[in-house]
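Input: a single structure, listed below in structure tokens.
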Amino acid sequence: MRRRAVHMSFALVAATCGTLAIWCGLRLHQAERINSAIAATHISAVDNAVPEVQLAHALSLARAGQFTAALKIYKSLLDASDEIRLPALYDLGNLNMREALKNGQGEAQRFMPLIELAKQSYRDDLRGDPADWDARYNLERALWLSPEYDDPMLERNQAPVRSEHAMSTLQGARIDLP
């Protein structure tokens with residue numbers, strides 16, 4: 001009886017390990033298919049359902065300069081899970097910033113909406129992952145290009161008042177640290 005119990009438990013463990021090996025093999029096959037589709041940047045009808053492949057395809061379109069096609073794919077990925085949505089938001093912000101910087105050298109006012117969209121994408125990404133330092137840096141760069149003012153008077157003048165200038169004009173004011 002004891003021998004039979006040992007053999008049954010061994011058979012159960014072997015069947016579990018075999019099932020796990022088959023499942024891992026299927027996952028490996030799917031990952032290899034995704035990687036080959038990413039490397040070839042070719043999406044078939046079967047691979048189109050995989051969000052990772054869509055994200056890679058949108059990135060390759062963005063690098064090739066196809067703004068509208070990449071924008072369409074990125075926007076379709078915004079409803080996906082967080083592991084796809086957050087990189088899509090970051091890449092969408094980068095796409096808008098690159099387009100604004102590429103086209104906005106002489107006509108900065110015309111391409112400010114793209115910078116605003118980039119800032120919004122970076123902020124949405126940071127809401128989902130506050131530790132994303134790349135998004136923080138890019139948001140800071142976007143804020144340097146298009147600063148946001150709370151005071152309407154400053155917004156009209158487009159020049160912030162520096163506090164050190166205000167302090168230096170006062171009589172008898174000390175500028176050193178406390």
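Each reported figure results from applying straightforward, stated rules to the coordinates on display, with no laboratory input. For clarity, every value in this text was computed on a predicted model and none was experimentally measured. Cβ: placed from backbone, ideal geometry, glycine included. Neighbour counts: every protein chain shown.
Sorting D129, D91, D124 from the fewest to the most surrounding beta carbons within 10 angstrom yields D129, D124, D91. Evaluating 6.51 cos²θ - 1.76 cosθ + 1.60 at θ = phi - 60° for every residue in region 18-34, the Karplus couplings come out as x, 5, 5, 5, 5, 5, 5, x, 5, 5, 5, 4, 5, 5, 5, 5, 5 Hz, glycine and proline recorded as x.
Considering only the other residues whose Cβ falls under 11 Å of the Cβ of I84, what net charge follows from Lys and Arg at +1 and Asp and Glu at -1?
Working: positive: R85; negative: E52, D79, D82, E83, D91.
Residues near I84 contribute -4 overall.
Quick check on the exposure proxy: order M8, M112 from fewest to most C-beta atoms within 10 angstrom. Intermediate values should be presented prior to the final figure.
Details: M8 10, M112 14.
Fewest-to-most Cβ neighbours within 10 Å comes out as M8, M112.
Please give me the summed charge of the neighbours of G128: other residues whose Cβ is under 9 Å from its Cβ, Lys and Arg +1, Asp and Glu -1. Neighbour charge sum, excluding G128 itself: -3.
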